[in-house]
Structures are given as structure tokens and as C-alpha cells.
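Participant: Here's a structure for you.
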Amino acid sequence: MQKVLLAAATLVLVACGADAQNRTAATAPRTGFDSNRAWTDLERQVARQYIEAQLKAIGIGYREQPFDAMTPAGVIKMINVIGTIPGRRPDRIALATHFDTKRFQEFRFLGASDAASSTAAVLELARVLKNRQNEYTIELLFLDGEEAVNTEWRDPDNTYGSKYYVRAAQQDRSLGGLKTLVLLDMIGDRDLDIRRDTNSARWLNAIVWGSAARLGYSSTFIPQDFTVEDDHLAFVEAGVPSIDIIDLDYPQWHTAQDDLDHVSARSLQIVGDVVLDALPQIEQQLAAAPR
Ligand SMILES: [Zn+2]
């Protein structure tokens, strides 16, 4: 029922959007200036500046990793942000999220769950982990350009930031020091249900689902398999054990309703608790069986 209602709402929305677009096209001079594209640049910069200001406030060192993404819309300047919390060992565990939001012509997309939720969760994890002595160095990866530039998700038009990061780390030989990637994406859903991604490493799924069960979150971390293409794939293909913690069962996904009404702090709490409970076990596993 809910789905039917939503489909109707989406139809209305698409209709309104098309109308608005036509009106814009009719009144705008044909100079080639694309304000939608400029707006995406603006949003990207605001998001990145916010992330960097937070890292600075926490006292975490970071660097920007700029690159030119070859997209179907031409070359787009993108920038990953990489924070580091030094641990006892130089070897790294990455906590990652994308921070870009998908660009839509038809409506103003907020992206409260996709991907403000996981960006906020990684920042809060950073605050907690900064106050701990961690065995492994924690790398905070805020990846740009996860979303496809075109409407459809088609290779290679997606996950620009993660692909670039992996390529650069292979070239400068720093990838070998990255022992695990924990990716968060779309974890804000009020009605949170997270399934096990089959592209993720089995041992990481086992640890995370074990933590969830121990903490009483079994109704959220459901023991069902599905397969996701996301920023972790570039790492998986490069041999880095990775896990994607994602709730794709989100009716508001890529709609104007991915807003504050459909996300909750409770969902961030659940995922934050599970990651913090799982992390020492991941470290133990890595220390016992070096990869
Ligand atoms: Zn998305």
C-alpha cells in the first residue's frame, strides 16, 4: 500500500518537475551555462568544507585528494577527503562514506540518508575513536563522486572517488597498508533494515552481524544475503577485505522525500554501536592473521 502511494507521489513529482524544467528552458538564455551543474559544485564544496571543519575541530589531520573525473557530462573536478587517526601500528583500517549527493534536474535532492547519514556517522565515529588508543591507524575516507552522473547506474559512470583512491594508493604503494575497509552508506532510514552484502568479506559480515546480535539489534541486521555495487568494489577488486553496511530497502531512495522526516538518530546510533563493537574484533582478526 505504501509503495502504491509512493509511486503516485513520485508520478506527481516527476510531472511537476518536467513542467518546471520546461519553464526554465523557455526563459533561460541559451548560453550553455548550466545552473544545475553549478549547484552541484556548490553543494559539493559546502559538504566538503563542513567535513573539514569538523575534522579540524576534533583535532584530526586530513588531506584533500583532488582528481579529474571523466564523466558522461565531461570532466568534473572531484575531491576526496582523507583523515587519519594514528594507531599503535601504521597499518590502516578505513571507515568510509561517500559525501556527494545525486544530481537531479527534476527536483531539489537533499539526500538525508544518501549520503548525509553515513557522513554524519563517520564523523561521530571519528570523535569517539580520536579519544581511544587504537591498535590500527584509522583512516576516515570521505569519498566524492559515488553517484552516477547520468540517471542510470551504469559502469563506469559511478564510484569515481573510490576508484581514484585505489588507483592512487596502488601507484604510491600505500594500498598494502590498508588492511580493511568498512563502508557505510544509506544508514539513516527510520525503518532500518540492513542485509548482508555478498560482495563483502564473509569474515567481516560474521563479525558485524555477531556484534549486532550481541547488542540486541538482530531485527535491524537481518541474516539475509543480497548483492550491492558500491564504493567498496574498487577495494574488493584490489584485494582489500571490505564490508558495505547499507540499507537499500528505502522507498525514499533517490527521491525528493529522502529528507529529515524519513531518517532518525536512532538508526545512526545502532550502526555506530555495531561498528564500535566490531572494530576491536576486526583488529584482533587482522593481528592474528596478517593479510
Ligand atoms: Zn545514491
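The values are calculated or read from the model by the stated rules, or taken from the named source; none is laboratory data. Since this is a predicted model, take the numbers as computed values, not measurements. Ideal geometry is used to build each Cβ from the backbone, glycine not excepted, and the neighbour counts take in all protein chains shown. Ligands, DNA and RNA are stripped out before the accessible areas are found, and what is left, the full protein with its side chains, is counted by its heavy atoms. Shrake-Rupley method; radii C 1.70, N 1.55, O 1.52, S 1.80 Å.
Participant: Where residues in the range 238-256 are β-branched (Val, Ile, Thr) and within 16 Å of the ligand (Cβ to nearest atom), which of them is farthest from VAL271 (Cα to Cα)?
Facilitator: If we filter the range 238-256 for residues that are β-branched (Val, Ile, Thr), which is where we start, we get 240, 243, 245-246, 255.
Now narrow it down to the ones that are within 16 Å of the ligand (Cβ to nearest atom): 245-246, 255.
Numbers: ILE245: 8, ILE246: 10, THR255: 23 Å.
Among them, the one singled out is THR255.
Participant: Residue by residue through the range 140-168, note down the ones that are away from the ligand (no atom under 12 Å from the Cβ), of a type in the set (D, E, K, R) and touching an Asp or Glu at 6+ places or on another chain (Cβ under 7 Å).
Facilitator: Passing the criteria: only ASP144.
Participant: Would you mind telling me which numbered condition in (1) more than 14 Å from the ligand (Cβ to nearest atom); (2) open to solvent by 20 Å² or more (accessible area, probe 1.4 Å); (3) more than 22 Å from GLU135 (Cβ to Cβ) LEU215 fails?
Facilitator: Single failed check for LEU215: (3).
Participant: Working carefully through the options LEU279, LEU286, LEU268, find the one that is crowded, with 17+ Cβ neighbours inside 10 Å and touching a strand residue (DSSP E or B) at 6+ places or on another chain (Cβ under 6 Å). Don't jump to the end; show me each part of the working.
Facilitator: Details: LEU279 fails: touching a strand residue (DSSP E or B) at 6+ places or on another chain (Cβ under 6 Å); LEU268 fails: touching a strand residue (DSSP E or B) at 6+ places or on another chain (Cβ under 6 Å).
The match here is LEU286.
Participant: For the range 62-74, what are the residues that are open to solvent by 50 Å² or more (accessible area, probe 1.4 Å) and either over 20 Å from the mean Cα position of the chain (by Cα) or under 28 Å from PHE33 (Cα atoms) (or both)? Don't jump to the end; show me each part of the working.
Facilitator: Looking only at the range 62-74, we keep the residues that are open to solvent by 50 Å² or more (accessible area, probe 1.4 Å), and these are 62-64, 66, 68, 70, 72.
Listed by number, the residues that qualify are GLU64, PRO66, ASP68, MET70, PRO72.
Participant: Out of the residues in the range 79-102 meeting the condition of being touching a Leu at 6+ places or on another chain (Cβ under 9 Å) and among the aliphatic types (A, V, I, L, M), tell me which one is nearest to ASP155 (Cα to Cα).
Facilitator: If we take residues in the range 79-102 being touching a Leu at 6+ places or on another chain (Cβ under 9 Å) and among the aliphatic types (A, V, I, L, M), then ALA96 is nearest to ASP155 (Cα to Cα).
Participant: Does the range 168-181 contain any residue that is under 15 Å from the mean Cα position of the chain (by Cα), in contact (Cβ under 8 Å) with a residue 40 or more places away in the chain and open to solvent by 10 Å² or more (accessible area, probe 1.4 Å)? Spell out the reasoning first.
Facilitator: Within the range 168-181, the first condition is being under 15 Å from the mean Cα position of the chain (by Cα), and the residues that meet it are 181.
Among the residues that remain, those that are also in contact (Cβ under 8 Å) with a residue 40 or more places away in the chain are: 181.
Checking the rest, the ones that are also open to solvent by 10 Å² or more (accessible area, probe 1.4 Å) come to none.
Checking the range 168-181: not a single residue is under 15 Å from the mean Cα position of the chain (by Cα), in contact (Cβ under 8 Å) with a residue 40 or more places away in the chain and open to solvent by 10 Å² or more (accessible area, probe 1.4 Å).
Participant: Of the conditions (1) polar (S, T, N, Q); (2) out of contact with any helix residue (DSSP H, G or I) (no Cβ under 7 Å at 6 or more places or on another chain); (3) assigned to a loop (DSSP other than H, G, I, E, B), GLN224 fails just one. Which one is it?
Facilitator: Going through (1) polar (S, T, N, Q); (2) out of contact with any helix residue (DSSP H, G or I) (no Cβ under 7 Å at 6 or more places or on another chain); (3) assigned to a loop (DSSP other than H, G, I, E, B) one by one, GLN224 breaks only (3).
Participant: Sticking with this one: Which count do you get for residues in the range 131-148 that are over 29 Å from ARG190 (Cβ atoms) and either in contact (Cβ under 8 Å) with a residue 60 or more places away in the chain or assigned to a helix (DSSP H, G or I) (or both)?
Facilitator: Looking only at that region, the number is 3.
Participant: Right, another one. If we keep just the residues of the range 94-137 that are polar (S, T, N, Q) and in contact with a His (Cβ under 9 Å, 6 or more places away or on another chain), which is nearest to the ligand (Cβ to nearest atom)? Give the derivation first.
Facilitator: Here is the first cut: in the range 94-137, the residues polar (S, T, N, Q) are 97, 101, 105, 113, 117-119, 131, 133-134, 137.
Remaining after also requiring in contact with a His (Cβ under 9 Å, 6 or more places away or on another chain): 113, 118-119.
Details: SER113: 9, SER118: 11, THR119: 12 Å.
Within the range 94-137, the match that is nearest to the ligand (Cβ to nearest atom) is SER113.
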